[in-house]
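Participant: Structure in structure tokens, see below.
Just so it is clear, none of the values below were taken in a lab; they were calculated from the coordinates. Bear in mind the structure is a predicted one, so any value in this text is a computation, not a measurement. As a convention, Cβ positions derive from the backbone with ideal geometry for all residues, glycine included, and neighbour counts pool all protein chains shown.
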Amino acid sequence: MVRANGAVSLRELARVVQTSEVTVRRDVRALEAEGLLDRRHGGAVLPGGFTRESGFPQKSHLATAEKTAIADLAASFVEEGEAVVVGAGTTTQELARRLARVPGLTVVTNSLLVAQALAHANRVEVVMTGGTLRGSNYALVGSGAEQSLHGLRVTRAFLSGSGLTAERGLSTSNMLSASVDRALVQAAAEVVVLADHTKLGTDTMFQTVPTDVITRLVTDEPPSHDDRAATELQALADQGVHISVAGPGVGAGSAAGAVPGSAPGPDQVPQQQRRRDVPPLPGQRRTHGGHHGGQAAAAQSGGGAPTPPPQLRSAGSLGAEPPTARVADLAPRRR
């Protein structure tokens, strides 16, 4: 059961094996002594980093400034009147607080925290999945959540997870959460992953979104000494993922290509200076489920130039404050 689910509660173990929690607790202690699992408060998990997952209170206090900057930038990609899905997580909860300012929006989510953040937003419709409540992250999971997503179609899915690598893509340490996130991805034409630099290069047990399905990664600027995160960012870019980097304290008018020493506002800087959208390398990616259309760039017949991705709107065009961030889309390395 621990191998299948990543974690299990003592109460559930006692129910399945039809014995008392006292007996189960003693047996779990013996299994821990043999190195077969790790005990947690009220339950047990597999030993090692692949299944370790902090609870929501711990996660909510990690990289708070970075998550805020990521949420600001991610919200600027959403247009008035869109329909999107938003998965569970502390970063997506920050995003939901900003989406409350986007009129005419429809948000489908399995997260109670995302729904709560949008509960009093004017002209924002919230659609919740069914399912069983997973208390550690306040998310609805299980077959009920997955079945409620069948036949759904939206423009974008915003997801976070426990780890992100160029080799496996986005992953999480819980099987039920991963299964629902995969169902959310199937409903969307584009997949946007929100992950701060601490998750880059981290691999966890259950794959959620393969790299070739990820349209864009919104992340923060890794510290100069974090070679692992920087290497992973370049590897993701080489595989065709558009990388948007948000940094607190950097004006929205500053971006790759801006003139050093100048401080123009976003309306005064030409679009090509404020952002460099680099299309995926031809032939490296497949379109997700055949629904991306022109979203994932492909080489034109006859060896023409790749079709560029659609231009992104700034938060200022939605009537909101522009994010305190810069966007630096990494180009694939020349080989």
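Participant: Please give the net charge around Thr68, taking every other residue with its beta carbon less than 11 angstrom from that of Thr68, where Lys and Arg add +1 and Asp and Glu add -1.
Facilitator: -2
Participant: Determine ³J(HN,Hα), in whole Hz, for all residues of the range 127-134 in sequence, where each value follows from phi through the Karplus function 6.51 cos²θ - 1.76 cosθ + 1.60 and θ = phi - 60°; x replaces Gly and Pro.
Facilitator: 10, 9, 6, x, x, 9, 6, 9
Participant: Under a point spin-label approximation (7 Å from Cα along Cα-to-Cβ), what is the Arg153-Gln116 distance to one decimal in nm?
Facilitator: 3.5 nm
Participant: In terms of modelled amide H atoms, which long-range or inter-chain residues lie less than 5 Å from the amide H of Asp220?
Facilitator: Under 5 Å from the amide H of Asp220 lie the amide H atoms of His197, Ala246, each far enough along the sequence or on another chain.
Participant: If r is the Cβ-Cβ distance from Ser136 to Arg168 and R0 is 22 Å, what FRET efficiency results, to the nearest 0.05?
Facilitator: Efficiency, rounded to the nearest 0.05: 0.45.
Participant: Which order do the peptides 77-87, 157-167 take when ranked by the mean count of other beta-carbon atoms within 10 Å per residue, highest first?
Facilitator: 157-167, 77-87
Participant: How long is the gain from Arg25 to Thr198 if the chain were fully straight, where each residue apart is worth 0.36 nm and the alpha carbon distance is subtracted?
Facilitator: Working it through step by step, the gained length comes to 58.9 nm.
Participant: Which net charge results when you count Lys and Arg as +1 and Asp and Glu as -1 among the other residues whose beta-carbon is under 12 Å from that of Asp27? It would help to have the intermediate numbers written out before the result.
Facilitator: On the way: positive: Arg25, Arg26, Arg29, Arg39; negative: Glu21, Glu32, Glu34.
Computed value for this residue: +1.
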